[in-house]
Amino acid sequence: MEVSRRKAPPRPPRPAAPLPLLAYLLALAAPSRGADEPVWRSEQAIGAIAASREDGVFVASGSCLDQLDYSLEHRLSRLYRDQAGNCTEPVSLAPPARPRPGSSFSKLLLPYSEGAGDLQGLLLTGWTFDRGACEVRLLGNLSHGSLRNGTEVVSCHPQGSTAGVVYRAGDQNRWYLAVAATYVLPEPETASRCNPAASDRDTAIALKDTEGRSLATEELGRLKLRGGAGSLHFVDAFLWNGSVYFPYYPYNYTSGAATGWPSMVRIAQSAKVLQFQGQAALDCGHGHPDGRRLLLSSSLVEALGVWAGVFSAATGEGQERRSPATTALCLFRMSEIQERAKSCSWDFQTAEQNCKEGEQPERVQPIASSTLIHSDLTSVYGTVVMNRTVLFLGTGDGQLLKVVLGENLTSNCPEVIYEIKEETPIFYKLVPHPKKNIYIYLTAGKEVRRIRVANCSRHPSCTECLTSADPHCGWCHSLQRCTFKEDCVHPENHENWLDISSGAKKCPQINLFRSSKDKTTVTVAGSFPPRRAEWECAVKSADTGRQLCRGKSPPSKPCTCSIPTRATYKDVLVVNVTFSVGSWRLSKRFNFTNCSSLRECPVCIGTGCAWCKSERKCIHPFTACDPSDYKRSQEHCPVAVEKRTPPETAGGGRVTENRSNKTHSGLQVFYIKSIEPRKISTLGKSNVIVTGANFTQASKITMILKGTSTCEKDVIQVSHVLNDTHMKFSLPSSRKEMKDVCIQFDGGNCTSVGPLSYIALPHCSLIYPATTWISGGQNITIVGRNFDVIDNLIISHELKGNINVSEYCVTDSCRFLAPSLKSSKARTNVTVKLRVQDTFLDCGSLQYLEDPRFTGCRVEPEGDTELEVKIQKENDEFNISKTDIEITLFHGENEQLNCSFENITRNQDLTIILCKIKGISNANSIDTSSKKVRVKLGNLELYVEQETVPTTWYFLIVLPVLLVIVIFAAVGVTRHKSKELSRKQSQQLELLESELRKEIRDGFAELQMDKLDVVDSFGTVPFLDYKHFALRTFFPESGGFTHIFTEDMHNRDATDKNESLTALDALICNKSFLVTVIHTLEKQKNFSVKDRCLFASFLTIALQTKLVYLTSILEVLTRDLMEQSSNMQPKLMLRRTESVVEKLLTNWMSVCLSGFLRETVGEPFYLLVTTLNQKINKGPVDVITCKALYTLNEDWLLWQVPEFSTVALNVVFEKIPENESADVCRNISVNVLDCDTIGQAKEKIFQAFLSKNGSPYGLQLNEIGLELQVGTRQKELLDIDSSSVILEDGITKLNTIGHYETVFSPFLRHSDVEYSEDHCHLILPDSEAFQDVQGKRHRGKHKFKVKEMYLTKLLSTKVAIHSVLEKLFRSIWSLPNSRAPFAIKYFFDFLDAQAENKKITDPDVVHIWKTNSLPLRFWVNILKNPQFVFDIKKTPHIDGCLSVIAQAFMDAFSLTEQQLGKEAPTNKLLYAKDIPTYKEEVKSYYKAIRDLPPLSSSEMEEFLTQESKVLLEIWPHICKQIILNKLERERGLEEAQKQLLHVKVLFDEKKKCKWM
């Protein structure tokens, strides 16, 4: 089962404002507001529903019981008796045609004992299983097994009825169940389904004690059926005035007909004995000739003492007898039913037989004014809201109607407040929300919906809202719209929300009146919202914006504004009047443009003009007129002497039918035969045809439509009398319902034409087949509903436009022939549309493909009387049916035979269409004389030639010969290629052997002889300042936070900033508050790992001025983390960054060790990076992939090494004005490789200039070029020019230094080129590594090489940097001056103390804690990211090498002994021999720190105080209600809560400040 929610309408976007990051994160963590219309779907039809006061909604469907919350979110499911399996029905139950009772396995669902002292709420459920079993479960815990159960309690027949109620009675206040059921059905086929006990066969109502150990089979009392009474169908059970009432009706389950009048039986609400108190018949037959003897739904309006029921007449098997008066809502006074309920019973056996012979039951009549007649009601629920009776009605076409009764219980015209799109009939029981009276639960089919009980928002103004008579709606001043009381801000203030009892006079209204001869005054009247600010009012000219007057007043007195009478104001034609108090605002526009043209006082006043009584004319309100004549209220307008009769309209005014029989000459008779169509859509119909006689003799013809009895009739004048027998009407739009139609001629009697149904617009669910051929003519079917109201069907094509097609439609399907689109492209999609009036409804798409292709046919005789024709067709996507195809066989002298279609078989290669010709006498002769077959597929007609037998024989003879030739040719080619391949392989092996020898020898020599000239003096180390070090360390992946540090804070208002930040600073410094905030945030599901890291970094920045306090917070959070980790695996603590404290520890180490990093570790670290770069650039580097010959990482090894040599370049730098220093050397000798690109050579030249002169050249790298001078000739060197080599597939090889030693070309300048997949450098296109980067589509040539030949280069690189690396490692784990950095000593001692407190004796645990907190959390981060410390760029290659070094560094701290084999990764093997040495040094390092004397608290505080930096905001992460809620639950944080609210006020006032 599932829950789905309809999407709420999108909210208007808020104005863009800088939103703090954590405010955004907290907004994500807060629960989202659900849609107002949730829907829950079951697996099968729902049989019962109930809502409890505290524990949600319970739904029974099939054999399953589901518990939902009030928003219909699913909580729990339980099968009957907790059986195994899922919630599926044992037997499929199709509900019979309405209004017959539906079938269900669930019979009772009764919550009780809620709020009864200290008792728990209980739920009684009844099922058809086990001969009508019952279970009692705990309402709040369905997973708990049933408390009590029993059998033979409810009806055991799925179609049988059951109604019951649980009540308290007796001295012991025990709970009793009064249950009425149809225990026996007369049908023989259902009798086998269950077999009730003999004692139950004549039982109708039983009384049971629910508090025994089980629901006993023996009743405390029972009321039996009277002999020959037949079956009774019970609809409901309820308590009223000390009695239990059961509404029911006699029903024949076989024929589906009611056999008597609906009735109500009454028994005493007593304990231990069932006392019959009488029964009364109910008559709701008014307006229907047969009466309404079926009772569909029941609802007691207890506050009013009224019972409401939905009654129905029989409608026949196919609903053919349904009429506009089939169903009715009737209300009965309970006091009258109680009074008329006689002890004489005609349906039950009673102890006292007081019935007189032949006495018939007296039928109770309903309240006539409240009876509502409708074509298809199914359910009712009644309640009282604000002393108004409100009734909700469900219909058979999925509508929920709302009726509000007047003071004398008069029904109004129902409002449609909801419609189910699928038009599923509404379940007979409507359930109100037990806590919020603005919702009702609507059940239909397999779905339950929570629906709002009113559409208040449809009333746009206060006047319309308060005159709508809907007690659920009222006018909300603060929102200035019509709302539920619960939706209005501060609804408890009666001044803020006006209900309908206030009346429209309470609505705020702007008035304009002449207060004296010289001025006109503007005031406001009515009710207003609570006022704390002063009133303001103003009048402005809408044309010029000129202010005509302005006023102010205290909150207690509404504002007034006076406009002086001036001649110049006569040109002011439109004014805007505005009244405001606080945020509330009321405005109105007055238009005086046409004042002088208005001739009547009410019209004049209504448009805002003024009426001069003496001159009887309308004038501009700001011009002169005697004040006593100046009228501004229609009450003072003169009353017209003549009373005009309102004209007859074509719309829906109430009509009194004139029954005088007017005819021409007293003899003319008008005759009505029919009306077509009988069904129209809710949009109406412009051409409804009525047929009959003598239409041309009438001077006035009117059609009257009468639907729901309490709604106004529609009166429509005839559109066109076509002739004496036909006339046309245009019917207006209407809601879904069936209406009675009558025609009135010349004001005479209204002649009935019969019913006409307004139904919903058509809905399409499927088009099949969805693919057809371009020639058209295929039968296409559309499946859906309500197709009998469409005007025509249209095919919409992008080129041909709309094409009308002829269709044949019934209610649930339409058929049409696909039109031909022969002139269009072969594949095209068209849209199928339905036209209803002037509305076009999309129905889906139809795809057109190329016409089918037939390849041949075969005709084979089946005996002498039958021919079998097989037609071969290429496979396609068409779904051809028997009705689409017509096949004809031609034989002899153009003779024809029709072939009967049999089937279509689809094979892997072809589709075979099989047809047969039967009933012939000479099948063999026809076979031999047959010529061709004609195939007609819709509009497509093709002739298919018959396959000839000789062609087949030729094919069978030639095929083996061809196969032999091909086999011999293949063998010859294969042998030749095999020899050629062997020769090439031998050459490759020889080449490989030679290469291997050379590379191994070179590698050995290099390891023994190579020496890297490490530059000891590399000038000043380019350290980053602390601000950028912190930025890159705290936010390694969030470049967008740079402005936090770089924003100019001086532009802000210092007072505003200091006040709010000081208040926030004080709040953060509350340790309990801050720890609570962090723990609360970490419990939020939306607070991701990334959010936690950002939070920790912001917190570190904010508390850098209070590092002592930050350290104490770190201690508390670390202890809390240990409490979590100790329960699982303590060795995993601090291993990952998954909490705020882990990131906080990283940042704390970064802050505290920044000085140690610069002073001790920085220089060897920079030397390592520089040396590594030097070594990499000593050999070839592929500029495209960045792979190099010299590297530490196998993944970055350039093993496709070309032949290369060193080239000494003498470089002369030009003088530039910015670099005219006398010390600058402009002639430099630089060593480059002949395989270097021009760009790589330029980089080496620039580096050489920097090393030589100690300062960079004055221009950027991309601003200079290189020229090669050979004698007097000069040539510009470029990576790509006209001499560049172009390989296969157009790949360009970049120019190198070696390229220009032999090649010269004309001078040609190129712009800068970005390298792409169309360029290569050292790795040629067909090599494996090139394919990794570029894809496998290029081919080229290269020497055969093996990667493993060059693994010695890794060792060579390691040797070159070994001394520098060891210097770096030892600078990290050394103790300068026998003292450890304060932060390391302090935190290691803290970890030792915690291990001792927790009695952790395993030394490995503490070692791992220290390793996770320092090397893993800080040093590895630094070693892998030199750009965090220095102002340098890290290349991907350098990153790969530093990863190998960082891995070796961490291996040194590991306690696990590595077992490496020959197959181990080279990155591990490279430092395998060094790791044991490093491990010993690390152990000594840890021991030395532990042996140092502990730090005093004053020493640590002094150190932390010196390290403190700046305060930054952390407010956005705290300013959320979720923190407030947490603080309310924590003791001792009341002061913090007050502070937080104070800070919130400060920050709310500064919302326009730029925080981030």
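The values are calculated or read from the model by the stated rules, or taken from the named source; none is laboratory data. Remember, predicted model here, so these are calculated numbers, not experimental data. Ideal geometry is used to build each Cβ from the backbone, glycine not excepted, and the neighbour counts take in all protein chains shown. All accessible areas refer to the heavy atoms of the entire protein, side chains included, with ligands and DNA or RNA removed. Shrake-Rupley method; radii C 1.70, N 1.55, O 1.52, S 1.80 Å.
A few notes on this one:
- Meets criteria (part of a strand (DSSP E or B), modelled with pLDDT of 85 or more and within 20 Å of S562 (Cβ to Cβ)) for S674: no
- Annotation: of all residues in the range 501-547 being modelled with pLDDT under 90, over 21 Å from I605 (Cα atoms) and hydrophobic (A, V, I, L, M, F, W, C), the one that is farthest from the chain's Cα centre (by Cα) is W535.
- Residue in the range 922-945 that is modelled with the lowest pLDDT, counting only those that are open to solvent by 50 Å² or more (accessible area, probe 1.4 Å) and over 30 Å from P819 (Cα atoms): K931
- Failed item in (1) without any contact (Cβ under 8 Å) to a residue 40 or more places away in the chain; (2) open to solvent by 40 Å² or more (accessible area, probe 1.4 Å); (3) closer than 23 Å to I1384 by Cβ; (4) of a type outside the set (D, E), with A1448 passing the rest: (2)
- Of all the residues in the range 340-357, those that are open to solvent by 50 Å² or more (accessible area, probe 1.4 Å), closer than 19 Å to I205 by Cβ and not in a loop (DSSP other than H, G, I, E, B) number 2.
- A1380 being touching a residue at least 12 places away in the same chain (Cβ under 8 Å) and not in a helix (DSSP H, G or I): yes
- Selected residue (criterion: nearest to D487 (Cα to Cα)) from residues of the range 420-449 that are open to solvent by 10 Å² or more (accessible area, probe 1.4 Å) and charged (D, E, K, R): K436
- Options Y1471, Y1485: the member that is open to solvent by less than 70 Å² (accessible area, probe 1.4 Å), at pLDDT 85 or above and not in a helix (DSSP H, G or I): Y1471
- Scanning the range 1084-1137 for residues that are assigned to a helix (DSSP H, G or I), farther than 25 Å from S1454 by Cβ, in contact with a Leu (Cβ under 9 Å, 6 or more places away or on another chain) and of a type in the set (S, T, N, Q) yields S1097, T1100, Q1104, T1105, T1111.
- Here N1421 passes the criteria (1) open to solvent by 30 Å² or more (accessible area, probe 1.4 Å); (2) farther than 29 Å from P1036 by Cα except the one numbered (2).
- Residue check for E1159: open to solvent by 30 Å² or more (accessible area, probe 1.4 Å), touching a helix residue (DSSP H, G or I) at 6+ places or on another chain (Cβ under 9 Å) and under 18 Å from I1372 (Cβ atoms): yes
- T389 meets the stated requirement of being on the phi < 0 side of the Ramachandran plot, among the polar types (S, T, N, Q) and surrounded by 17 or more Cβ atoms within 10 Å (Cβ to Cβ).
- Residues located in the range 426-460, provided they are over 18 Å from L391 (Cα atoms) and assigned to a loop (DSSP other than H, G, I, E, B): K435, G445, K446, H459, P460
- The range 802-881 holds strands (runs of 3 or more DSSP E) entirely within its bounds, and those carrying 1 or more residues that are of a type in the set (S, T, Y) and surrounded by 18 or more Cβ atoms within 10 Å (Cβ to Cβ) map to 839-849.
- Scanning the range 222-260 for residues that are over 24 Å from A308 (Cα atoms), open to solvent by less than 40 Å² (accessible area, probe 1.4 Å) and touching a Phe, Trp or Tyr at 6+ places or on another chain (Cβ under 8 Å) yields L223, L225, A229.
- Enumerated strands (runs of 3 or more DSSP E) restricted to the range 259-326, each holding at least 1 residues that are among the aromatic types (F, W, Y) and within 47 Å of the chain's Cα centre (by Cα): 306-312
- Scan the range 882-921 for residues that are part of a loop (DSSP other than H, G, I, E, B) and open to solvent by 70 Å² or more (accessible area, probe 1.4 Å) and the total you get is 9.
- Selection from the range 102-140 of residues that are open to solvent by 10 Å² or more (accessible area, probe 1.4 Å), outside any strand (DSSP E or B) and touching a Leu at 6+ places or on another chain (Cβ under 9 Å): G102, S103, S104, E114, Q120, G121
- Checked against (1) more than 23 Å from T708 (Cβ to Cβ); (2) open to solvent by 10 Å² or more (accessible area, probe 1.4 Å); (3) at pLDDT 90 or above, I337 passes all but a single condition, namely (2).
- Selection status of K643, part of a strand (DSSP E or B) and either modelled with pLDDT under 60 or open to solvent by 80 Å² or more (accessible area, probe 1.4 Å) (or both): no
- Of the criteria (1) more than 14 Å from P508 (Cβ to Cβ); (2) modelled with pLDDT under 90, which one E495 fails: (1)
- The single condition among (1) open to solvent by 70 Å² or more (accessible area, probe 1.4 Å); (2) free of Cβ contacts under 8 Å to residues at least 24 places away in the same chain; (3) not polar (S, T, N, Q) that H490 does not satisfy is (2).
- Scan of the range 1230-1253 for residues that are at pLDDT 80 or above, closer than 16 Å to K1178 by Cβ and open to solvent by 20 Å² or more (accessible area, probe 1.4 Å), ordered by number: N1231, D1234, Q1240, E1243, K1244, Q1247, A1248
- Filtered residues of the range 450-483 (kept if open to solvent by 10 Å² or more (accessible area, probe 1.4 Å), within 20 Å of I440 (Cα to Cα) and of a type in the set (A, V, I, L, M, F, W, C)): A469
- Taken over the range 1025-1083, the criterion of being in a helix (DSSP H, G or I), under 36 Å from the mean Cα position of the chain (by Cα) and either among the β-branched types (V, I, T) or at pLDDT below 65 (or both) is satisfied by G1039, G1040, F1041, T1042, H1043, I1044, V1075, T1076, V1077, I1078, T1080.
- Conditions (1) touching a Leu at 6+ places or on another chain (Cβ under 9 Å); (2) surrounded by 15 or more Cβ atoms within 10 Å (Cβ to Cβ); (3) more than 22 Å from P508 (Cβ to Cβ): number failed by D543: (2)
- When K1479, K1462 are screened for being under 24 Å from K1367 (Cα atoms) and out of contact with any His (no Cβ under 9 Å at 6 or more places or on another chain), only K1479 passes.
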